[in-house]
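The values are calculated or read from the model by the stated rules, or taken from the named source; none is laboratory data. Computed from a predicted structure; not experimentally measured. With ideal geometry, Cβ positions are generated from the backbone for all residues, glycine too; neighbour counts draw on all protein chains shown.
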Amino acid sequence: MRLCSTVLLAGAAGMALSAGSPLQAQTLTLSWWGFGGDRLEEFVLAPFRDYCGCEIVIETGNNSDRLNRVQIRGGAGVDLIYLTDSFSQSGIEAGLFQPIDRSLVPNIDGLHELARNPQGEFGPAYTIGRVGIVYDSAQVAEPITSWADLWREDLRGRVSLPGITTTAGPMVVMTAGDVAGVDAFADPDAAFAQLEAILPNVVKNYNTGSEMINLFSTGEISVSMAQDFALAQLQAAVPTIVWAELEEGDIATLNTINIPVGAEEVELAHRFINFVLDPERQRILAENGVDAPVHAAVELSPEAAANWTYGERLQNLRRVDYSRLNAARPDWIERWNELFGG
Amino acid sequence: MHRLTGWALSTPATLAVVLFLILPVGATIAVTLTDPRGLLAPYEAFLNSRFRRTVLWRTMEIATVTTLAAVIIGFFTAYVVSRAPPRLKSILIILAVFPLLTGVVVRSFAWLILLGRNGLVNGTLIWLGITDTPIQMLYTQWSVILAMVYLFVPLMILVLVGVLETIPDDVIEAATSLGAPPGAVFRQVIFPLAVPGIIVGAVLVFTGAFTAYATPALLGGDRQMTMGTLLHQQAMVTLNWTSASTVAAIMVVVTVVVVLAMTRIARWLNPAAT
């Protein structure tokens with residue numbers, strides 16, 4: 001009788017556990033770069049956990065690694081994916097993302113126009129950045145004022161370029177085309193011939209922001225083509241780093257946030273996007289060196305805005321036609337490999 | 001009955017080899033043989049690409065130099081260890097294999113610090129007055145080879161110590177007492193008896209160096225691309241599975257050919273070795 005009671009009680013306890021507690025938290029899976037993870041945790045993830053009472057799991061890697069993982073899994077595995085606009089365009093063209101229900105993301109209405117629907121019905125931009133040239137003013141005597149300065153002879157063995165599979169990589173080819181006086185999409189032969197001339201200046205190409213920062217901090221390079229998201233940490237590592245004021249202007253990049261077609265927590269994902277686009281959250285992120293704001297209501301002090309694509313800087317940016325770029329990418333990757341790896 | 005028992009006992013291992021080696025490798029090669037462009041089109045495309053031929057040749061070069069250096073350094077180190085008194089031998093073995101206790105990435109990363117423009121080597125050269133400005137050592141083929149030799153010498157030592165220990169002292173003493181100089185003792189007694197161990201070690205080092213990814217990625221970059229880093233780019237970045245499978249298939253073929261060649265060399269050096 002006692003044994004029977006014990007068995008019945010154990011069975012009931014087991015059934016209660018296996019049925020799942022009604023208080024079991026939801027889990028949101030985020031795909032993101034991993035750069036500056038401690039700041040993301042402090043200013044985004046921890047506050048959102050408090051807000052939603054949910055768990056958050058992070059999957060990291062660069063744009064192409066993570067997009068390819070989503071593609072391999074048929075659009076499943078993560079609920080949200082952070083990508084630069086060139087890679088989110090590829091994801092959209094591959095049918096990996098679902099349209100955003102804007103009724104669940106009211107903060108979209110307060111964004112600058114270029115951030116609201118950069119890629120139609122799909123994810124908004126949550127930050128805007130720019131690609132330009134950074135250099136160590138203690139190592140480079142003559143200031144850099146033009147994209148063409150990357151080819152200067154005094155920079156022999158001192159330059160690192162972004163790898164062709166990164167966000168800024170194809171912009172290296174476009175820049176080479178500009179220097180050669182051609183449209184790189186229309187005349188890749190001339191663009192890559194110009195790129196060949198830069199080989200003596202290049203030590204190593206980088207594939208992640210942290211790799212580029214390491215190259216500067218260990219003294220391996222003095223000049224790089226980089227995105228501004230890394231500028232704060234770069235200057236913390238090497239205080240003499242400056243962002244070059246280029247006469248041709250910098251190149252704009254938008255970082256987007258999308259929901260893959262196989263996402264499990266769709267409603268929670270929409271709530272997260274709305275959370276990230278909240279003007280107060282955008283202000284906190286900008287003031288703490290995480291991301292530049294795209295919400296029009298955000299006002300930053302000059303000190304806070306110093307390193308961001310904000311205010312007047314938004315007016316002078318060059319935009320990229322990502323449809324043409326994504327079409328040219330496979331050929332450019334092959335040509336790049338022949339040039340740098342051959 | 002004994003034969004049936006033998007077959008039964010070997011079945012689990014055979015199944016494991018089939019399921020986890022033969023089938024996956026076969027599936028990878030099958031992808032390359034079903035390309036719409038033609039049966040061997042992916043291989044023709046590979047061999048027609050100057051870049052890919054350069055990558056293959058570079059990888060062969062790195063693996064060959066690494067193997068030769070590991071054999072030379074490992075052999076003489078293992079000989080000293082094998083002839084050491086027992087207590088000292090234990091300490092020497094621990095010191096020799098200590099690097100194996102840390103991961104490949106950590107060990108490769110250490111070379112970034114040593115060989116960097118502001119690293120220990122350049123600092124020493126400048127302090128000694130050998131150079132006024134730092135020398136570019138990283139992101140070259142030699143930095144990759146140096147790190148690979150460092151990675152694989154402990155493995156070679158481990159393999160060779162076991163073999164050299166089995167060479168009886170009596171045989172060496174007999175050769176010496178019959179008037180053989182040290183060089184002749186090495187060439188005609190020690191080296192032939194050590195050939196089986198050298199070949200085993202060389203095979204392990206060559207295949208490891210030929211298929212390496214982390215060390216070439218960290219210390220070589222895309223200007224020193226190897227088969228391992230090319231495979232990663234094709235599979236995980238450009239998602240070109242046919243090209244990646246072609247690279248993998250060529251790596252398998254090259255590895256098998258090299259192992260067979262080394263086995264032939266072993267038989268020539270020591271006909272008793274198989």
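The figures follow:
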quantity: Hits in the stretch A:63-94 (condition: in contact (Cβ under 8 Å) with a residue 40 or more places away in the chain and not in a helix (DSSP H, G or I)); calculated: A:Arg73, A:Gly74, A:Gly75, A:Ala76, A:Gly77, A:Val78, A:Asp79, A:Leu80, A:Ile81, A:Tyr82, A:Leu83, A:Thr84
quantity: Test: residue in the stretch B:42-56 that is in a helix (DSSP H, G or I), in contact with a helix residue (DSSP H, G or I) (Cβ under 9 Å, 6 or more places away or on another chain), away from chain A (no Cβ under 14 Å) and farther than 18 Å from B:Trp241 by Cα; calculated: no
quantity: Index of the failed condition, A:Asp189 passing every other in (1) in contact (Cβ under 8 Å) with a residue 12 or more places away in the chain; (2) surrounded by fewer than 22 Cβ atoms within 10 Å (Cβ to Cβ); (3) part of a helix (DSSP H, G or I); (4) over 17 Å from the mean Cα position of the chain (by Cα); calculated: (1)
quantity: Any hit, the stretch B:58-73, residues being part of a helix (DSSP H, G or I), charged (D, E, K, R), more than 30 Å from B:Glu165 (Cβ to Cβ) and at pLDDT 95 or above; calculated: yes
quantity: Checklist (1) within 23 Å of A:Ser90 (Cα to Cα); (2) at pLDDT below 95 applied to A:Ala269, failing item; calculated: (2)
quantity: Which listed residue, of B:Leu260, B:Leu193, is away from every other protein chain (no Cβ under 14 Å), more than 19 Å from the chain's Cα centre (by Cα), within 22 Å of B:Val159 (Cβ to Cβ) and assigned to a helix (DSSP H, G or I); calculated: B:Leu193
quantity: Residues that are surrounded by 12 or more Cβ atoms within 10 Å (Cβ to Cβ) and either touching a residue at least 60 places away in the same chain (Cβ under 8 Å) or part of a loop (DSSP other than H, G, I, E, B) (or both), drawn from the stretch B:17-41; calculated: B:Val25, B:Thr28, B:Ile29, B:Val31, B:Thr32, B:Asp35, B:Leu40
quantity: B:Ser82 within 14 Å of chain A (Cβ to nearest Cβ), surrounded by 14 or more Cβ atoms within 10 Å (Cβ to Cβ) and among the polar types (S, T, N, Q); calculated: no
quantity: So B:Leu160, is it surrounded by 21 or more Cβ atoms within 10 Å (Cβ to Cβ) and modelled with pLDDT of 90 or more; calculated: yes
quantity: Lone qualifier among B:Ala235, B:Ala209, B:Ala194 - being small (Gly, Ala, Ser) and farther than 30 Å from B:Tyr79 by Cα; calculated: B:Ala235
quantity: Single residue of A:Val131, A:Val179 found to be part of a helix (DSSP H, G or I) and in contact (Cβ under 8 Å) with a residue 12 or more places away in the chain; calculated: A:Val179
quantity: Number of positions in the stretch B:91-131 that are assigned to a loop (DSSP other than H, G, I, E, B) and away from every other protein chain (no Cβ under 14 Å); calculated: 6
quantity: Options A:Ala232, A:Ala297: the member that is surrounded by fewer than 19 Cβ atoms within 10 Å (Cβ to Cβ), in contact with a helix residue (DSSP H, G or I) (Cβ under 6 Å, 6 or more places away or on another chain), touching a residue at least 24 places away in the same chain (Cβ under 8 Å) and away from chain B (no Cβ under 14 Å); calculated: A:Ala297
quantity: Residue that is nearest to the other protein chains (Cβ to nearest Cβ) [pool: residues in the stretch B:237-248 that are at pLDDT below 90 and part of a helix (DSSP H, G or I)]; calculated: B:Val237
quantity: Residue list for the stretch A:202-221, restricted to those being within 10 Å of chain B (Cβ to nearest Cβ) and either free of Cβ contacts under 8 Å to residues at least 24 places away in the same chain or assigned to a loop (DSSP other than H, G, I, E, B) (or both); calculated: A:Val203, A:Lys204, A:Asn205, A:Asn207, A:Glu211, A:Asn214, A:Ser217, A:Thr218, A:Gly219, A:Glu220, A:Ile221
quantity: Residue in the stretch A:133-160 that is surrounded by the fewest Cβ atoms within 10 Å (Cβ to Cβ), counting only those that are closer than 21 Å to B:Tyr139 by Cβ and among the charged types (D, E, K, R); calculated: A:Glu153
quantity: Leading residue by the ranking (surrounded by the most Cβ atoms within 10 Å (Cβ to Cβ)) among those in the stretch B:196-236 that are within 16 Å of the chain's Cα centre (by Cα) and assigned to a loop (DSSP other than H, G, I, E, B); calculated: B:Thr226
quantity: Qualifying positions in the stretch B:132-157 - surrounded by 19 or more Cβ atoms within 10 Å (Cβ to Cβ), of a type outside the set (A, V, I, L, M) and more than 14 Å from chain A (Cβ to nearest Cβ); calculated: B:Tyr150, B:Phe152, B:Pro154
quantity: Residue that is nearest to the chain's Cα centre (by Cα), among those in the stretch A:300-336 that are free of Cβ contacts under 8 Å to residues at least 60 places away in the same chain and within 14 Å of chain B (Cβ to nearest Cβ); calculated: A:Pro330
quantity: Filter result for A:Thr60 (over 22 Å from A:Glu280 (Cα atoms) and in contact (Cβ under 8 Å) with a residue 40 or more places away in the chain); calculated: no
quantity: Residues that are closer than 30 Å to B:Val237 by Cβ and touching a helix residue (DSSP H, G or I) at 6+ places or on another chain (Cβ under 6 Å), drawn from the stretch A:44-64; calculated: A:Ile56, A:Asn63, A:Ser64
quantity: Filter result (part of a loop (DSSP other than H, G, I, E, B) and either aromatic (Phe, Trp, Tyr) or under 25 Å from B:Gly116 (Cα atoms) (or both)) within the stretch A:145-163; calculated: A:Arg152, A:Arg156, A:Gly157, A:Arg158, A:Leu161, A:Gly163
quantity: Residue match in the stretch A:119-134 (condition: among the aromatic types (Phe, Trp, Tyr), away from chain B (no Cβ under 14 Å) and under 27 Å from A:Ala296 (Cβ atoms)); calculated: yes
quantity: Selection count, the stretch A:287-299, where residues are of a type in the set (A, V, I, L, M) and more than 15 Å from the chain's Cα centre (by Cα); calculated: 3
quantity: Some residue of the stretch A:232-248 being of a type in the set (A, V, I, L, M), within 19 Å of A:Tyr82 (Cα to Cα) and outside any loop (DSSP other than H, G, I, E, B); calculated: no
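Okay, residues lined up against (1) touching a helix residue (DSSP H, G or I) at 6+ places or on another chain (Cβ under 8 Å); (2) closer than 25 Å to B:Asp170 by Cβ; (3) more than 14 Å from chain A (Cβ to nearest Cβ):
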site	(1), (2), (3)
B:Val185	yes, yes, yes
B:Val203	yes, no, yes
B:Thr207	yes, no, yes
B:Phe210	yes, no, yes
B:Pro216	yes, no, no
B:Asp222	yes, no, no
B:Met225	yes, no, no
B:Leu231	yes, no, no
